[in-house]
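Asker: I am attaching a structure below and will ask some questions about it afterwards.
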Amino acid sequence: MTSTASSPGTWSNWTGSRAVEVARAEVPADESSVADAVVRAQAEGRQLRAVGTGYSWSEAVGAGAVLVRTDRLRGVNTADLAAGTAWIAAGTKLHEVCSALWAEGMELPTLGGFSGQTIAGAISTATHGSGRRAACLSAYVQAVRLVDAAGSAVVVDGKRPEALQAARVGLGLLGVMTEVEVQVRPATWLRIDDSWHAHFDPRWLSADDGIRRAVRWHPLGQDGSPGMRFQLREWVPVAEDSVGALPSPAALATGGWEEPQPFAVVEHALPLSGAAEAVEALTSALARESDALSGMPLALRVVAPDNAFLSPTQGEATMTISAAARSTSAGRGLFGLVHAALVSYGARPHWAKEHQYSSETLRDRYSKLSRFETVRQTFDPHGMFLTPAMSDVLAGATEDLA
């Protein structure tokens, strides 16, 4: 099979907040074409980055890189409910995955609020939904196929546990992912319940009763009233024929996959044990410095722990807090305030979002960086897939003996 290629141009992310000049973009039709693209870039001494829909606000692509777009690597190749797994081509968008699985009576174990990402992109950046029992989507990955820096197709699965822990949130640093094996489960139905409150109750997110919950803090509150700022959303499991029942993918991915309006977002992950204190500190700071508010709500979610080396939710139950603005410049004051309020609570940034953490702080907060770097070098010893930002972080990683 062949790969189509474009001449030099500009690549931008989903909302246009990041743009960079690239050498060219290749769109391989299969794994062998991916390997050919890698070999060509290697011979030219260029960096290479795999990109999906660009649902990221980080420095995911460096200037002058060769892009491998996964647009033509599509489809749910196999799905076996009895085995509880499905093999999915890397460039398949999440809404396509959900539709194909649902038609066979299956679903993914979790889903974020937006379903326009590719499955490989969602996995590689630790995309998550909300729920005391729901981990990041990457935690449910059983195996991946990828093309490494030598142009070789490699399978990473449970036989190589450290490599799998690295690949589950790999940020594209191990190679070009071509196919993933993910856990699936029987299709379920959910009802969305919304309620408004004057105060945050940490029990909303810590309750382990099978109901997924998320909270939004609104700058103006319900109907513009500052007294009722906390919106609690609950996804309640129900029977298919119940009033308000929705297929779980439709209920969870409320953002759909429509074309976006420009915006920027930051997200911090911190131990759930300190959630109440952190929320109080942040909302109090926002109340004092209301000029920093963007008009968009904060989003608070709880995520179950996992063991991926680069996962923001590794090790313990985590609360994530995200803040959004219409642009990076418009959100500068808000983003700085959120960072200052949360950094002392052991917060870690979401790799795919904007952040203000130094390389030194990142190495301190992600304690498994050195183990990730050891694995990464076996797949890409010369840094072909590295981004400038991650190169700075990984260069100083020290051996973790824990």
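Readers should treat all values here as calculations from the given coordinates under stated rules, not as data from a laboratory. Keep in mind the model is a prediction, meaning the values are calculated, not measured. Glycine also receives a Cβ, built like all others from the backbone with ideal geometry; neighbour counts cover every protein chain displayed.
Asker: If packing is taken as the average number of other Cβ atoms within 10 Å across a peptide's residues, how do 108-116, 172-180 rank, most packed first?
Answerer: Highest mean packing first, the order is 172-180, 108-116.
Asker: Could you compute the FRET efficiency for THR4 and VAL155, with r as their C-beta to C-beta distance and R0 at 22 Å, rounded to 0.05?
Answerer: 0.25
Asker: Hey, what do the phi angles of region 120-135 turn into as Karplus ³J(HN,Hα) couplings, whole Hz, using 6.51/-1.76/1.60 and θ = phi - 60°, x for Gly and Pro?
Answerer: For region 120-135, the Karplus curve yields 5, x, 5, 5, 5, 10, 6, 4, 9, x, 9, x, 4, 10, 9, 8 Hz.
Asker: Using helices alone, what [θ] at 222 nm do you get for the chain, with -39,500 (n - 2.57) per DSSP H run of 4 or more residues, divided over all residues and rounded to the nearest 500?
Answerer: My calculation for the chain gives -7000 deg cm²/dmol from helical runs alone.
Asker: Follow-up. What's the exposure ranking of ARG371, ARG46, going from fewest to most Cβ atoms within 10 Å?
Answerer: ARG46, ARG371
Asker: In whole percent, what relative contact order does region 76-186 give with Cα contacts below 8 Å and a gap of six or more residues?
Answerer: 33
Asker: I'd like the distance between the alpha-carbon centres of region 283-335 and region 110-173, rounded to an integer number of Å.
Answerer: 22
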